[in-house]
């Protein structure tokens, strides 16, 4: 498999907890991926693996065709959660640091960018706003001219206006120079506007990875009467989640063609519906049996 | 990388230099009068000679002036090995020793500040070593700096190397000032092996500083917490220093036996405290002379070298361990 990030049986254990459990996936190049999952699902661990900050306990992860860590680090831009920066440095000093620590670092690009965002270069970063700090951190990562940009919860600490500005700055950069971007978030709604792929992590496993438009097309919400046993519906490849709504049952399904069944009402789904279904992904059978017994 | 180390640690460097200036002012302020009197008393000229003698005349029991040669009764031949009468040189030595004792008594209080200097190397470990990795991890900035284009190995070796170098340079300046300041006190005390004097001057200070620094860095790299690292540095430094001082130092070299010349032969004589041996034990021999178990004074630099080597040997694996932890660290 080739791609911007490829994992094969990737497992990371911290002592007795397993943060990533035999993950295998390939993220194509030049995509913008929303990495979604609840806290503790392994999002940060996965991004840290790709930078070499965390080592795989088992399995492999390759980045831009090379092993994650020192060999590929020069081509990977990374902004960790909460955008850590040396708060006693000025923005200019951070840029100097970037230039000193990287063989490839576009200083002029950075200066121009920060000037465009009206971020003062000579002020200590600790005295900038959270949004400005996030912009400085993004700028440092972009100046490496990375093939792969990893952003760990880039929006979590930002107010709505700063989020919008951050994302538009990011999209400008991607438009100017194609690269793969993987950014994590609790919620896909944050990133829906910009991403073209979604990856859902749940309890250390990849439960969903695909193109956003395909995901929306191939999933349906079916509403029908309670069932005694697992329903078999033509055109449904898989029932992702089931839930009860009054006297009816709601199924979120992955389809393999047109769903044709008179008992079931069909509804289109949003990307958020799909992601939430895969995040929850509760076992279907107990719910059905319970419904059946009650009926 | 060098630029980053300078940018991150320049404040600490300025603080250290400011502390050196304050310390230097103290040394000059208290040291100038001490040195003036040291010269005035003529001690620099006579001490090197007196130091070599095992016994000196007890000057209190001597007449003010040595008997002039003519006072030897006519017709009595003076025996060739006559030690019963002090000659002028021996008396001068005794006076020199007495002056030295008086000098040391007067400056003992000033020198007791030396007790405070015992913990100075530990400060290098607490304020330079402990935060080096621990603060990065506490602030999360290790995720910034370890994901630039520089490997963690290079980050760690450059950082540890340059900071160690800075600490050694500061220690050298400090040791130079201190040696000038304390020389009169040590020379007039004759106690170079004393727990305070041995430990605050000479080359051991470099060993202590390097060890404290390495301990702080390693504790910070392993724990990732500044306070834990600082506490570990204090406990580890004091513990290892005491252990080495009390349990190991006396065994660096075998002791030697030294029997003093008969103190009661002829005029009153006394043991020369200025000789500077490390006296481990003393017993009266059968003949009424004193028998000493000692580490001879001329072993001083051997002891310093061995003690320094021990602390450097402890520091090296600690630094290597810190590099290993930085590389292996799961973040």
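Which angle between 0 and 90 degrees, to the nearest 10, do you get for helix B:300-328 versus the longest principal axis of chain B when only C-alpha atoms count?
10 degrees
What's the angle, to the nearest 10 degrees (0 to 90), between helix B:130-139's Cα axis and the longest principal axis of chain B?
Around 20 degrees separate the two axes.
Over chain A, calculate the relative contact order: mean separation of alpha carbon pairs under 8 Å at least 6 apart, over the residue count, as a percent.
Result for chain A is 20 percent.
Among A:124, A:228, rank each residue by its count of other Cβ atoms within 10 Å, from fewest to most, as a rough exposure measure. Don't skip to the end; give the middle numbers.
Working: A:124 14, A:228 11.
Listing A:124, A:228 from fewest to most nearby Cβ atoms yields A:228, A:124.
If N is the number of residues in the protein assembly as shown, what value comes out of its Cα radius of gyration divided by 2.2 N^0.38 Å? It would help to have the intermediate numbers written out before the result.
Details: Rg = 38.7 Å, N = 626, 2.2 N^0.38 = 25.4 Å.
Normalised Cα radius of gyration, the protein assembly as shown: 1.52.
Can you sort B:198, B:160 from fewest to most other Cβ atoms within 10 Å of each residue's own Cβ?
Numbers: B:198 20, B:160 24.
So the ranking, lowest neighbour count to highest, is B:198, B:160.
Expressed as a whole number of Å, what is the distance separating the alpha-carbon centroids of the stretch B:188-250 and the stretch A:1-62?
44 Å
Can you tell me what percent of all Cα-Cα pairs in chain A are more than 26 Å apart? If you can, show how the numbers build up before the last one.
Values: 21851 of 43365 pairs.
Tail fraction, whole percent: 50.
So, R0 is 41 Å and r is the distance between the beta-carbons of residue A:117 and residue B:162; what FRET efficiency does that work out to, to 0.05?
Values: r = 34 Å, r/R0 = 0.83.
Taking R0 as 41 Å, the efficiency between residue A:117 and residue B:162 is 0.75.
Could you sort A:82-88, B:182-188, B:172-178, B:44-50 so that the peptide with the highest average Cβ count within 10 Å comes first and the rest follow in order?
Details: A:82-88: 18.7, B:182-188: 22.6, B:172-178: 17.0, B:44-50: 15.1.
Result, highest mean Cβ count within 10 Å first: B:182-188, A:82-88, B:172-178, B:44-50.
Per-residue mean of other chain beta-carbon atoms within 10 angstrom of the beta-carbon, peptide B:137-145?
Values: counts 0, 0, 5, 6, 6, 3, 13, 14, 4.
The per-residue average across the peptide is 6.
Calculate how steeply helix B:204-223 sits against the longest principal axis of the alpha-carbon atoms of chain B, using the helix alpha-carbon long axis, and give the answer as 0 to 90 degrees to the nearest 10.
20 degrees
Quick one: compute the contact order of chain B, relative version, from alpha carbon pairs under 8 angstrom and 6+ residues apart, as a percent.
Values: 412 pairs, mean separation 86.4, N = 331.
Answer for chain B is 26 percent.
State, to one decimal in nm, how far the label point of residue A:217 lies from the label point of residue A:87, with both points 7 Å from Cα in the Cβ direction.
4.9 nm
What whole number of Å gives the distance from the Cα centroid of the stretch B:157-185 to the Cα centroid of the stretch A:148-209?
Centre-to-centre distance over Cα atoms comes out at 51 Å.
I need B:133, A:269 ordered by Cβ neighbour count within 10 Å, fewest first. Don't skip to the end; give the middle numbers.
Working: B:133 29, A:269 19.
Ordered from fewest to most neighbouring Cβ atoms within 10 Å, B:133, A:269 come out as A:269, B:133.
Quick one: check the C-alpha center-to-center distance for the stretch B:292-312 versus the stretch B:1-26, whole angstrom.
32 Å
Quick one: go through the stretch A:171-201 and flag any residue whose amide nitrogen is under 20 Å from the point 7 Å out along the Cα-to-Cβ line of residue A:270.
The answer is A:184-201.
Every read-out reported here was derived from the displayed coordinates using simple, explicitly stated rules and does not represent laboratory data. Because the structure is predicted, anything quoted here is derived from the model rather than measured. All Cβ positions, glycine included, derive from the backbone under ideal geometry; neighbour counts span all protein chains shown.
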